Amino acid sequence: MRSDSEPEWLDRLGVEQPTLRRLGGYWQRLRAGRAMPRRDELEPWAIPDLLPHLWIWRVQAEPPTFFLRLAGGRINRLLGDWRRGSELGEVVPAHAQAPLRARYGRVAFGPAVLRARGYALLGREYGVRVRAERLLLPLGGGADAAEDILGITWYEDLPRRGATDIPDGGDESVLALDTLDSLSVIGDGPSRVVARS
C-alpha cells in the first residue's frame, strides 16, 4: 500500500521493497517538478538509513561509460570493495557488462527510472547468488540526459552458494521521464537478470 509521501509511479514500476520506495519518494521530492534532481542536492542526513544500500555511477556520454562514484557500506561488503573511480568494465564480470551498460544507458540517456528484480551475483568470486531488487534513478542538471545514476539495491539476508536450483530469471520495468512533471511507461516485461548493481 502506498503512503502519501510515495509517488504513484512506484506502483506502476512494481517496486515492492520499502527501502527502495523511500528512496523513490525522496528523489521525487528533490525533483520538485523538474526532470530530475542534481547529485549535489542529495542530503545524506535526510536518508541516513538508506546510505549503506546506495550507489552512484558517473555517466560519460561519448562513448557511453560509467564510473563508480559511491558504493555504500553494505554494497561494498557484499560486492568486494569496489574502488571509487573504477569503470564498470573493471569491476563487473565480462558476461554481465553488456546487460548492465544497456540498463544504465536506458536510465541515463532516456532519461528514465528503472526497477529490476531477480538474482544478483555477490562477492569477489561471484559464487553466491541472492535475490535482489534495485531502483535506478537519474541525476543531472538538464532534462535530456543524466550526469549520474543513483541506485539502491536491497539484497535478501541469506545468500546461497551454488544455487543451481534457483531459476536464473528476473524482470525489469522502466518509466521514461517524458515531461518535467510526469512519468510514462515505455516498457515492462521479462528480462534476464545476470549481474549485480
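Tell me, what % of the accessible area of region 13-122 is carbon and sulfur with a 1.4 angstrom probe? Carbon and sulfur: 55 percent of the exposed surface of region 13-122. In a fully extended conformation the segment linking Trp45 and Glu62 would gain 2.7 nm over its present Cα-Cα distance, using 0.36 nm per residue.
Largest to smallest in accessible area, the residues Asp148, Asp40 fall in the order Asp40, Asp148 (1.4 Å probe, all protein chains included). Pull out a ≥ b ≥ c, the square roots of the eigenvalues of the alpha-carbon gyration tensor of region 18-97, then state rounded if a/c is under 1.5, prolate if not and a/b is larger than b/c, and oblate in the remaining case. Oblate.
What accessible area per residue comes out for region 12-83, rounded to a whole number of Å², with a 1.4 Å probe? Result: 48 Å² of accessible area for each residue. Using the Cβ-Cβ distance between Ala102 and Glu16 with R0 set to 22 Å, the FRET efficiency from 1/(1 + (r/R0)^6) comes to roughly 0.40.
The values are calculated or read from the model by the stated rules, or taken from the named source; none is laboratory data. In this text the structure is predicted, and so the values were computed from the model without any measurement. Note that each Cβ is placed from the backbone with ideal geometry, even for glycine, and that neighbours are counted across all protein chains shown. The area values use the complete protein model at the heavy-atom level, side chains included, leaving out ligands, DNA and RNA. Shrake-Rupley method; radii C 1.70, N 1.55, O 1.52, S 1.80 Å.
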